[in-house]
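So the structure is just underneath, and the comments pick up after that.
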Amino acid sequence: NSGTKSRSRARPASDLEHLVMRRMGQAIGDYGLVRPGDRILVAVSGDARSFVLLRILDLHRRRFAFDFELVPLHLGGGEGGQRVTAAFADQGFEVEVASPGDGDAPDDRRISIKTILRAQAQDRGCNKIAYAQVLDDFLVELLANLFFHGRLQSLGISLPQGSNVYGIRPLVNVEQQKVASLAVELG
């Protein structure tokens, strides 16, 4: 979790990390994704995208002139949950693990991940959920909608998820290749 600011870890470790941080910062500013006092549930799956999302949001949190909190959460349990928490702990992050049936969402396999995350966010007092979609995902969605539905529409960058919870996608300006390279660079 992220109560106090420690500006000593706020520096990017490389030029690539600086580039990703700058692009995320531009999206945060352009779309108003992070505000003072936000409590952001960061959906972490254990893949490179979610690690980079959490790391860069944390760097911004340490540098911003205002306070906001990050609550990393992995949906799943057992060996997979232990693997994710251990991997993120090695990088200095404490990740909560929740079973998809935990929270206010009914135990129904047809319930979407977004519905489960929204319930988890509400249970933890979070007003936003950060998702790790990157620029490539926005382009794929745009082309799929154009070709299959005749609509010029892509993923939303900041969308209400119901009951005062917004879903945000701060990596909208970052290509998948940059995220993957940064994850490898950071180990």
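Only the coordinates and a few stated rules stand behind these numbers; no lab work does. In this text, all values refer to a predicted model and were calculated from it rather than measured experimentally.
Brief remarks on what is shown
- Note that segment 74-89 has calculated 3J(HN,Hα) couplings of 10, 8, x, x, x, 5, x, x, 5, 5, 5, 4, 5, 5, 6, 4 Hz, one per residue in order, obtained from phi through the Karplus relation 6.51 cos²θ - 1.76 cosθ + 1.60 (θ = phi - 60°); glycine and proline are x.
- In the chain, Cα pairs under 8 Å separated by at least six residues give a relative contact order of 26 percent.
- Across segment 86-187, Cα pairs under 8 Å and at least six residues apart give a relative contact order of 23 percent.
- Under Karplus coefficients 6.51, -1.76 and 1.60, residue-wise ³J(HN,Hα) of segment 23-37 in Hz, glycine/proline x: 5, 5, x, 5, 5, 4, x, 5, 10, x, 6, 10, 10, x, x
- Counted over the chain, the DSSP beta bridges are approximately 20% antiparallel.
- The shape of the chain can be summarised by an equivalent ellipsoid whose semi-axes, obtained from the alpha carbon gyration tensor, come to 23, 22, 17 Å from longest to shortest.
- Computed extension length for Arg11-Asp136: 42.4 nm, one decimal, from 0.36 nm per residue of separation with the Cα-Cα distance subtracted.
- For segment 166-178, Karplus couplings with θ = phi - 60° (6.51, -1.76, 1.60), whole Hz, Gly/Pro x: 10, x, 10, 10, x, 8, 4, 9, 10, 6, 4, 4, 5
- Cα pair distances in segment 119-162, grouped into 5 Å bins until the bin that holds the longest one, percent each: 5, 20, 21, 17, 15, 11, 8, 3
- Largest GNM mean-square fluctuation across Phe138, Phe66, Phe148, computed for the chain with C-alpha springs under 10 Å, falls on Phe148.
- Note on segment 47-87: Rg/Rh from Cα positions, Kirkwood definition for Rh, rounded to two decimals, is 1.07.
- Full extension of the chain between Ala87 and Phe147 yields a length gain of 17.7 nm, computed as 0.36 nm times the residue separation minus the alpha carbon distance.
- Amide H contacts of Lys128: Arg39, Leu41, Tyr166, each under 5 Å away and 5 or more positions distant or on a separate chain (H built 1.01 Å from N in the peptide plane; Pro and chain starts excluded).
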